[in-house]
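Just so it is clear, none of the values below were taken in a lab; they were calculated from the coordinates. Note that this is a predicted model, so its numbers are computed, not measured. We place every Cβ from the backbone using ideal geometry, glycine too, and count neighbours over all the protein chains shown.
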Amino acid sequence: MNSLRIVRAEVRKLTSTKMPLAFLIVLVVIGTATAIAVAFGTDMDGSKTFISTAADQQSLMAFAGNALVIAGLFGAIAVAREYGHGTVVLTFLTTPRRSKAVGAQFAAAFVAGSVLGLVGAGISAGSVAAGLTATDFGFMVSAADVAQVLAASTLAGGAGAVLGAGPGSY
């Protein structure tokens, strides 16, 4: 069985459950909390200086740390569920080389984690932009900086998912 087919099968296993939907709901809740913090949050003196510069707004959108943790949980739960439900047996029967099967699991976890990181960063950036409409400040972050946040969160999500899936897989 070639490697691409094994990776596709692993991705199909990950997406055929309600687990990705649950993680998407968590991302939406985090994004909503960010929008509320931007719209209604104030410093002690009543000012909104934490959103007054492009750097401040970009730091609010920085989702890479959250992506690493959330995708790490996703990877760990995905592997644990596979062992718990016994689907790992079919994986190893189909692909007797353990390194090839585990590599496919890691690749699928990386793809899923990357998607979670990208979606989470997109929701975060959108929630900051939406929350700013309730303030006197406009969206000051450049497109290049938004792209940097999205790329960092995508990479962190993929790495987190692999790290989460890793310790118990091999």
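Evaluated with a Cβ-only charge set (Lys, Arg +1; Asp, Glu -1), the chain carries a dipole of roughly 1180 debye about its Cα centre, given to the nearest 20. Between LEU90 and ALA147, the distance separating the two model label sites (each 7 Å from Cα on the Cα→Cβ line) works out to 4.2 nm. Each principal axis of the chain carries a Cα extent, and these read 63, 28, 23 Å when sorted largest first. Estimated at 0.36 nm per residue, the fully extended path between ARG8 and THR32 surpasses their Cα-Cα distance by 5.4 nm. Choose one of ALA35, LEU90, VAL102: the residue whose Cα lies farthest towards the positive end of the charge dipole of the chain (beta-carbon charges +1 Lys, Arg; -1 Asp, Glu; about the Cα centre). Of the candidates, LEU90 comes out farthest on the positive side.
Extension gain, LYS18-ARG98: 0.36 nm per intervening residue step, less the Cα-Cα distance, totals 26.1 nm. The spacing between region 99-157 and region 51-72, judged by their C-alpha centroids, is 9 Å.
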